1. For region 77-174, just run the numbers: alpha carbon Rg, then divide by 2.2 N^0.38 Å, N being how many residues it has.
2. What is the mean projected area of the alpha carbon convex hull for the chain, to one decimal in square nanometres?
3. Could you check how much of the accessible area of region 218-299 is carbon and sulfur, as a whole percent, using a 1.4 Å probe?
4. Based on the alpha-carbon set only, what is the convex hull volume of region 109-236 divided per residue, in Å³?
5. Which lysines, if any, have their Cα less than 17 Å from the Cα of residue 256, not counting same-chain residues under 8 positions apart?
6. Looking only at GluC sites (Glu not before Pro) in DSSP loops with at most 12 other Cβ atoms within 10 Å, what is the longest site-free stretch of the chain?
7. For the chain, what is the calculated [θ] at 222 nm in deg cm²/dmol (nearest 500), taking -39500 (n - 2.57) for each run of four or more DSSP H residues and dividing by its residue count?
8. Enter the accessible area per residue of the chain (Å², integer; probe 1.4 Å; all protein chains in place).
Amino acid sequence: MVPLVFHPIYSQLALPARHRFPIQKYQSLKDKLIKSGVVEDSFWRPLPIEYAKINAAHSAFYVDSFLNGTINDKAIRRIGMPWSEQFVQRTLHAVGGTVLASQLAMEHGVALNLTGGYHHAFFDAGSGFCVFNDIILSAKEMLKKPGIDRVLAFDCDVHQGDGTALLASEDSSIYTVSLHCEKNFPARKQHSDLDFPLSRGMADDEYLHVVECAINLAFSTALPDAVIYDGGVDIHEADDLGYLQISTKGVYERDKLVFDACKRYGVPVVAVIGGGYQRDIDDLVDVHFQLFRAAGAVK
Ligand SMILES: [Zn+2]
């Protein structure tokens with residue numbers, strides 16, 4: 001049984017009407033997994049991440065200002081969601097979810113969080129719907145475990161993992177890889193350990209070839225003891241914010257390449273669902289669902 005991490009609060013955030021963020025997708029994804037035969041016992045409920053753990057990657061001033069609501073308007077606009085007490089609670093649980101999933105992955109080999117992938121969060125600022133960088137925070141927690149000396153952050157969201165890259169830039173124990181559409185947000189890219197900028201309009205065959213090369217190169221170069229995988233689905237051909245042409249089958253095959261490589265190398269992997277912005281929630285959830293099929297959590 002593959003451990004899955006979920007909290008109803010993931011979808012409990014009031015956003016302005018017509019806000020482009022599909023906040024209901026998390027609950028819909030959980031419902032689809034249950035309908036597809038995943039038992040309730042597979043789900044673990046996260047606690048909010050502790051304050052001291054957030055400070056391992058973020059400035060105390062930034063963390064405090066977000067938690068107590070004194071964060072300024074410009075900083076909140078960069079995050080792209082209005083500040084609220086609900087937003088604070090949702091953020092703490094979502095990030096706590098990836099930390100919990102990473103611990104479960106080390107015990108069970110693989111685990112997934114039904115949110116996560118806040119890869120645009122920097123040391124002292126949030127950006128692009130990301131507040132605190134769950135990928136870096138989870139990597140730091142994993143590195144506390146004996147035998148885990150290097151973590152690979154493998155990011156296949158269509159947007160570059162710029163916050164992750166910068167936060168890990170002086171930390172050789174976290175190896176960052178990003179495969180992203182070159183002409184897309186963020187305009188200013190950072191340097192991951194390995195970057196694969198992809199051209200607009202790229203389709204399945206070419207894309208899957210790059211993914212296969214990238215994961216093999218990442219393993220042979222980084223020799224990681226654990227992997228954090230961002231399986232963002234904004235690479236999908238129907239996505240509103242991506243410019244790639246990847247089919248639903250292509251998403252499944254990408255995720256399978258990553259999980260199979262982790263299995264082959266005998267390395268635990270925690271996966272987060274990352275971005276995905278199709279307006280039709282059922283269609284969007286169907287694409288996110290591929291990650292769970294590829295991980296063997298569901299048929
Ligand atoms: Zn994205």
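1. 1.07
2. Reported value for the Cα convex hull: 13.5 nm².
3. 47
4. Given the Cα convex hull of region 109-236, per-residue volume reads 108 Å³.
5. In chain and number order, the partners are 299.
6. Of all site-free stretches, the longest is 171-299.
7. That calculation yields -12500 deg cm²/dmol at 222 nm.
8. On a per-residue basis, 41 Å².
The values are calculated or read from the model by the stated rules, or taken from the named source; none is laboratory data. Nothing here was measured: the structure is a model prediction, and the numbers come from that model. Cβ atoms come from the backbone with ideal geometry, glycine included; neighbour counts cover every protein chain shown. Side chains included, ligands, DNA and RNA excluded: accessible areas come from the protein's heavy atoms. Shrake-Rupley method; radii C 1.70, N 1.55, O 1.52, S 1.80 Å.
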